[in-house]
Amino acid sequence: MAADILANAGTMRMSSARLALLYAALVAVFTSVLLMSVYLLTRNALEREIAAVVRAEVDDLSDDLRLGGIAQVAATLHLRADSWGRTGAVFLLADEHFRPVAGNLTAWPRDVGLHESAMVEFDIAAHERGESVMHPVEARIEHLANGYWLLVGADTSERVNVLRRFGLATAWGIALTALCVWLLGSAYARRTARRVRDYATTCETIMQGDLTQRLRVDGSRDEFDALAGAVNAMLDRIEQQTTTLRAAFDSIAHDLRTPLYRLRVRLEEAQLRADLPREAHELVTPALEELDRVQRTLATLLQISRAEASGVTTHGDAVDLAALAANMVELYAPGMRAAGLDVALDAPEPARLTGNRQLLAQLITNLLENALKYVPAGGRVEVRVRNTPDAVSLRVADNGPGIAPEERAAALRPFVRVGDAASKATGSGLGLSLAAAVARLHRAQLTLGDNAPGLIVHCEFPAATRRDAPDGVAQVS
């Protein structure tokens, strides 16, 4: 679970980076559309302004034509011969053969179609500082009386320069905006991912049993602080309840140990009496065996409770689960064979992990004792240990009565009364629940399955608890 949280934190970090890039792309697109709209509007405004100026000049010259004829138009153009240098205006009055009559152009522009009352574009050469420089011109052509042609236009090089600079500024604006948004988004993503990683690390420590840990609150009053405050309040409540429960459990266990010890002493004393009848002796011996089982169960409960309370899950022991299972099978094999059970071990290679050796031994013991007590004569019990790329697997299967599917979840919870099949498989109701508690302490998952007939108990220890070591460790067959 903790590994999943840290993996999700890494995924969150990647998702935050992608989100920052997405925001940068969206802002870049929005900025591009906005600035491109401004660019197009500016270009259209400049084009309309030039067209309006040209149209006004044509209207003035048309008035001169109406009032004084071609001569008046020519005279007006002679007066405006220097307009190019001052305003960039272009004028040309030509006869029906397109020979210049008046204006500041020396010839009719080449490659200009005769589109009457239409705007045309062409380039002209102008001498500036001893050099010939090409200038773009936008002009309007009018066909006058007597076959004369009038061309009125304006130099658009300034407009082209303005639009070029504006386009360059637009491109830089888009790029800089996208960069700033990406930098801000990346900074926010890193900050978010860092806080998520901090929370994940703290939660991992809490899951290991250290309920004193709390999520960090940095005072920013954001959603993370609100979440941390709510979780910390919940942890305060859980810690208080856990402390109360632990104190009550320790007190009960202490109160039970003393009378159980006294009972054992009295039974042993009774067993040693020479005048004890044989019938009573036959009752005392199984009573002592049951008392031993009760004391071991109580000791295991205390050990699990203290381990969970202190956050101790493993003690750092290097445990070969295959060898440990072999030892337990070897210990219980005589009793199982005497009860008419066939027991087999399938653990071909070492299966090393880091854990609490005593608790792991108790886990296997509980599973074997359940099988020994409740699988009928002629049954079979198989213990299998396997290495997988991501886990160490322990499997105990039998062909006994099993547990009904609807009662399996209850069988793994302590102090829960289940049906007849479940009670046969779990004995006192604590066998499988204690095994499940030991599994949880090792971050493992214990599940129950159907062996058709019988029960399969499967416990899988994740890779985080595995311990890789050189081969060659002695193995019990």
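Read the figures in this text as sums done on the coordinates, not as results from a lab. In this text, all values refer to a predicted model and were calculated from it rather than measured experimentally. Here Cβ is always computed from backbone atoms with ideal geometry, including for glycine, and neighbour counts include all displayed protein chains.
Restricting to region 373-400, name every residue that is surrounded by 18 or more Cβ atoms within 10 Å (Cβ to Cβ), out of contact with any Lys or Arg (no Cβ under 8 Å at 6 or more places or on another chain) and not in a strand (DSSP E or B).
Result: Val375, Gly379.
Could you grab me the full set of residues in region 95-104 that are surrounded by fewer than 21 Cβ atoms within 10 Å (Cβ to Cβ) and either touching a residue at least 24 places away in the same chain (Cβ under 8 Å) or part of a loop (DSSP other than H, G, I, E, B) (or both)?
Of the residues in region 95-104, the ones surrounded by fewer than 21 Cβ atoms within 10 Å (Cβ to Cβ) are 95-101, 104.
Those that are surrounded by fewer than 21 Cβ atoms within 10 Å (Cβ to Cβ) and either touching a residue at least 24 places away in the same chain (Cβ under 8 Å) or part of a loop (DSSP other than H, G, I, E, B) (or both): Asp95, Glu96, His97, Phe98, Arg99, Val101, Asn104.
Answer yes or no as to whether Ala139 is of a type in the set (A, V, I, L, M, F, W, C) and within 40 Å of the chain's Cα centre (by Cα). First the steps, then the outcome.
On the way: of a type in the set (A, V, I, L, M, F, W, C): yes; within 40 Å of the chain's Cα centre (by Cα): no.
Here the answer is no, as Ala139 does not meet what is asked.
Quick check on this structure: which one of Leu227, Leu276, Leu245 is free of Cβ contacts under 8 Å to residues at least 12 places away in the same chain and either surrounded by 14 or more Cβ atoms within 10 Å (Cβ to Cβ) or outside any helix (DSSP H, G or I) (or both)? First the steps, then the outcome.
Details: Leu227 fails: free of Cβ contacts under 8 Å to residues at least 12 places away in the same chain; Leu245 fails: either surrounded by 14 or more Cβ atoms within 10 Å (Cβ to Cβ) or outside any helix (DSSP H, G or I) (or both).
Only one candidate passes the filter, namely Leu276.
Condition check: loosely packed, with under 15 Cβ neighbours inside 10 Å and within 29 Å of the chain's Cα centre (by Cα). Does Arg194 satisfy that? Lay out the reasoning, then the answer.
Working: loosely packed, with under 15 Cβ neighbours inside 10 Å: yes; within 29 Å of the chain's Cα centre (by Cα): yes.
Criteria met by Arg194.
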